[in-house]
Amino acid sequence: MSDSGSDFEEEAEPDLGEYDGERNDAGERHGQGKARLPNGDTYDGAYESGRRHGQGTYRFKNGARYVGEYQQNRKHGGGAFLYPDGSKYEGDWVDDQRQGQGVYTYANGDVYSGDWFTHLRHGQGVYTYADTGSKYIGTWVNGKQEGAAELAHHNHRYQGKFSNNTIFGPGKYIFDIGCEQHGSYVQAEQEKEEEEEEEPLAVPVTRWNPEKISSLTLWSPTEEVQPPAPVVGEPAEVTGSDAAVHPGEQDAETAETPGESPERVTAEAEPTSKLPDSTGGGEPDEDTGRNNETRE
């Protein structure tokens, strides 16, 4: 998912829309109040010195809704975002972005529960595919399946490592009958016509190379994931619960529209050689519902 910056600029004499609520001595919105913005969005909740600050509910004219905590006009703390297509996110927010622990329920019924960093699945998490019941349990890096993980089906499971959403390297299949098949996933050779130009694949194709059968052994998919290093030229990373905010990011009220959820993982009895791309959207772009409320 990519975030687009907002081109909204405050006017010299901004029109803050209608407001009914408490104010401080300076005439700023302060305390509890209700506002109707010029673009049709509404906000009902707490203010501090003219900004949304505290618990509140923001309703977008397109049907989206955020219910949770604000800090200086930004979603910050615990909150739930409900999207027009029925998908929703419930969890932690930092400076208007999904960050910390959270649960995302997609429109097709798929569910991701785990760590988030700057709107992306990052850290340890579980992705459950609604149509098969299969689960990816393990490590995510910048929204992709990466590192140690387990892929659990209804009658068997695979434990190993993943790279760029693809199973790769040594691992094992564990079957409910009480045995394991050890082996490794290796790069598969691609057949092509003599005159066909070779083009690199976006996601490499791998195939399972079995080696031996053994009794059950113990294994854990847990792997520590560090936040990505800041890009040169961007603000320094902030430790703790506050993350760096990049210039040009969207306003707090930019409506979010969920993308497509990851493709399904089928629960086949035979080992499969490739995982679906589980980053094919899932997280919403936040580019609709512009004209956010500005500071009075």
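The values are calculated or read from the model by the stated rules, or taken from the named source; none is laboratory data. What you see is a predicted model, and the numbers here were worked out from it, not measured in a lab. Here the Cβ positions follow ideal geometry from the backbone for every residue, glycine too, while neighbour counts run over all protein chains shown. SASA here: full protein model, heavy atoms, side chains in, ligands and nucleic acids out. Shrake-Rupley method; radii C 1.70, N 1.55, O 1.52, S 1.80 Å.
Quick look at the numbers
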{"quantity": "Inter-part distance where region 73-109 and region 125-161 are each reduced to a Cα centre, Å", "calculated": "21 Å"}
{"quantity": "Residues with amide H under 5 Å from that of Lys34, placed H, sequence gap 5 or more", "calculated": "Asp20, Gly21"}
{"quantity": "Interchain or long-range residues, amide H under 5 Å from Val205's placed H", "calculated": "Ala188"}
{"quantity": "Relative contact order (%) - criterion: Cα under 8 Å, at least six apart; region: region 137-177", "calculated": "31 percent"}
{"quantity": "Sequence-distant residues sharing a close amide H with Ser87 (under 5 Å, placed H)", "calculated": "Ala107"}
{"quantity": "J(HN,Hα) series, region 49-64, from Karplus relation 6.51 cos²θ - 1.76 cosθ + 1.60, nearest Hz, glycine and proline x", "calculated": "6, x, 10, 5, 7, x, 7, x, 10, 10, 10, 8, 5, 8, x, 5"}
{"quantity": "Å² per residue, accessible surface of region 92-169 at 1.4 Å", "calculated": "30 Å²"}
{"quantity": "Residue pairs, from the table Lys135/Lys172; Lys61/Lys135; Lys61/Lys88; Lys144/Lys172; Lys88/Lys161, whose Cα atoms sit over 25 Å apart", "calculated": "Lys61/Lys135; Lys88/Lys161"}
{"quantity": "Phi-based couplings in Hz for region 169-185 (Karplus 6.51, -1.76, 1.60; Gly and Pro marked x)", "calculated": "x, x, x, 7, 9, 10, 9, 5, 6, x, 9, 10, 10, 8, x, 7, 9"}
{"quantity": "Estimated FRET transfer efficiency (Arg23, Asp85; beta-carbon r; R0 45 Å; 0.05)", "calculated": "0.75"}
